[in-house]
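Asker: Quick one: structure below, then a few questions.
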Amino acid sequence: MFNLPKARSVERNPDAARLRELAVEKMPRLTETEFGNLNYEAEITARLKNSTFFVADDEIHQNRISRAEADEWAAKQDAHIADKDMLLVEGYIGPEPGFRTGARLFIENVQPNIAAMQSQLYFPADDDWAPELTVVYTPTLPAPGKSDDRLIIVDLENWVTRVFGSDYFGESKMGGLRMWNRLVYDRGGLALHAGLKTFPAESTRSGAEESMLIIGLSGTGKTTTTFRRQAESLPVQDDFVALMPNGGIQTTEAGCFAKTFGLDPDDEPTIFGGTTRPDAWLENVGVADDGKVDFFDASHTENGRSTFPLANIRHRDPRGLPPARYLLILNRSDHVIPAVARLKREQIPAYFMLGETKGTSAGGAAEAGKSLRVPGTNPFFFDDDSLQGNRVLELLRSAPDLEAFVLNTGRIGGEGDDSKKVRIADSSAIVKGIVEGTIEWRPDPDFGYDTASEAPGVEDPELLEPRRLYERQGRAEEYEAVVSRLKRERAEYLKGYAALDPAVPAGLGA
């Protein structure tokens, strides 16, 4: 077990009132909002991918730092902590007694908002709690010479993540979940960067309660799709779950970490309701000096966030879940990807590996607006991403009833004025149609999956079959060119994974 560094003082598991008191006392750039909650304007506005390193002496498939250098930085952090007042937050990742993981955050008390946000995501510790994963977090200690003078060290041998110099909450949250990815893999499953919702028996074709997994990069509509209610669905989880053999599902968090830019009470009433309560915590949201909140203010960043307990909203208990029945792969595209496509089973691992989307501010300036491929849409995997594709192939063999779909949450027809936006209401109608079995499907001649010829609630057929839009606008040659390019680039991309089971790229017909 990892031993915490010695500190001048340690305040263990302070309650919400105490953390609020500390925040008001110690934190600059803190504003009380019109809703009675607190917003912190962080210097860091997204996760620091280029500053994140895994400890390894041999070459790996991630940014690497040697054991010797990692130990040097650890010693510097321990020395820094020796005369600091620290906060310790303890809890579980996951609620199931047979699967839950003891986790803790050890952070300087000058950043109590991070401790408060993390405490909303952990499930409560009990008498059986013991630490397995630890995040040691020193916002006031920079890492000169590293990217942005900040550093995140992931030590999977000792199950500890050390954070230097960042004041962004996401490094605490992902510090634990990134290590949990490895634990899940070692237990025969795969951690998914996914939301999760369930549909009651009376709403489904099968007449039984069903689970839906929604994978996607941050900012592509994962949380929105998860929390929007269709067919009496209830959210379970908004960010990370484990897919286990036979379609089993394990959850992680007791709260929600929601993106707030553009938050609207009509389109996202559940997230809006959770975010606008006094006990929610906000980070990098646009707030005026008088406390007025503007969720459309991007002057600091579009990557504003909130945390709130799931207990504050209607949700499904995260224990005893039915097996996964549906997998939605979100793709915020802008060209020929339809609003929905139904994948053949042999296509699922390939499209999972492609992880195609357009980057958002959640990934920082280096990703925003750029076309990306992130296997599994999970940028937090610990090793060669071939392992993800191969594991999905294995898990599908034990879950014959799992269906998968690609959902485009972006645009059809390009970025110009003649393109069309896939609205939240369109995606919501599609989710409902999938579960109720009311969508009419037909084979797509270009990609081999099925497209919807009709989907109740989606009024524009060109969103369902992009070829129709391109042909109506006299752009058929452009459509064919994009299709040809995508096929070629996808095949080449998957060839780059030497350890990938050949059955995965074969699913594309490559």
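Rule-based calculations on the coordinates, nothing more; no lab input. The shown structure was predicted, so the numbers you read here are calculated from the model rather than taken from an experiment. We place every Cβ from the backbone using ideal geometry, glycine too, and count neighbours over all the protein chains shown.
Asker: Exactly one of these conditions fails for Glu415: (1) surrounded by 21 or more Cβ atoms within 10 Å (Cβ to Cβ); (2) part of a loop (DSSP other than H, G, I, E, B). Give me its number.
Answerer: (1)
Asker: Can I ask one more? Of all residues in region 316-333, which are in contact with a helix residue (DSSP H, G or I) (Cβ under 9 Å, 6 or more places away or on another chain) and either among the charged types (D, E, K, R) or farther than 30 Å from Leu463 by Cβ (or both)?
Answerer: Taking region 316-333 first, the residues in contact with a helix residue (DSSP H, G or I) (Cβ under 9 Å, 6 or more places away or on another chain) are 318, 322-331.
Pro318, Pro322, Pro323, Arg325, listed by residue number.
Asker: Do we have any residue at all in region 135-152 that's part of a helix (DSSP H, G or I), among the polar types (S, T, N, Q) and crowded, with 20+ Cβ neighbours inside 10 Å?
Answerer: no
Asker: How many residues are under 23 Å from the mean Cα position of the chain (by Cα) and crowded, with 24+ Cβ neighbours inside 10 Å if we restrict to region 71-91? Write out each step before concluding.
Answerer: First, the residues of region 71-91 that are under 23 Å from the mean Cα position of the chain (by Cα): 89-91.
Keeping just the survivors that are crowded, with 24+ Cβ neighbours inside 10 Å gives 89, 91.
Number satisfying all stated conditions: 2.
Asker: Go through (1) surrounded by fewer than 16 Cβ atoms within 10 Å (Cβ to Cβ); (2) in a helix (DSSP H, G or I) for Gln120 and report which single condition fails.
Answerer: Failed condition: (1).
Asker: Condition test on Gly304, is it within 22 Å of Arg20 (Cα to Cα) and more than 18 Å from the chain's Cα centre (by Cα)?
Answerer: On the way: within 22 Å of Arg20 (Cα to Cα): yes; more than 18 Å from the chain's Cα centre (by Cα): no.
Taking the combined requirement at face value, the residue does not satisfy it.
Asker: Another one. Kindly provide the set of residues from region 1-59 that are free of Cβ contacts under 8 Å to residues at least 12 places away in the same chain, over 30 Å from Gly291 (Cβ atoms) and not hydrophobic (A, V, I, L, M, F, W, C), ordered by number.
Answerer: Listed by number, the residues that qualify are Asn3, Asp57, Asp58, Glu59.
Asker: Now for a different question. If a residue has to be in a helix (DSSP H, G or I) and over 30 Å from Asn37 (Cα atoms) to count, how many in region 1-16 make the cut? It would help to see each step written out before you state the result.
Answerer: Quick first cut of region 1-16, residues in a helix (DSSP H, G or I) only: 16.
Imposing the further condition that a residue be over 30 Å from Asn37 (Cα atoms) reduces the set to none.
Result for region 1-16: 0.
Asker: I'd like to verify a number: residues in region 462-506 that are in contact with a Pro (Cβ under 6 Å, 6 or more places away or on another chain) and either surrounded by fewer than 15 Cβ atoms within 10 Å (Cβ to Cβ) or part of a loop (DSSP other than H, G, I, E, B) (or both), how many?
Answerer: Step one: of region 462-506, the residues in contact with a Pro (Cβ under 6 Å, 6 or more places away or on another chain) are 464, 466, 494, 504.
Subsequent filtering for residues that are either surrounded by fewer than 15 Cβ atoms within 10 Å (Cβ to Cβ) or part of a loop (DSSP other than H, G, I, E, B) (or both) retains none.
Going through region 462-506 one residue at a time, the tally reaches 0.
Asker: Sort out which residues of region 234-255 are within 14 Å of Ile214 (Cβ to Cβ) and in contact (Cβ under 8 Å) with a residue 60 or more places away in the chain, and write them in order of number. Show your work before the answer.
Answerer: Looking only at region 234-255, we keep the residues that are within 14 Å of Ile214 (Cβ to Cβ), and these are 234-241, 243, 249, 251.
Result: Leu234, Pro235, Val236, Gln237, Asp239, Phe240, Leu243, Ile249, Thr251.
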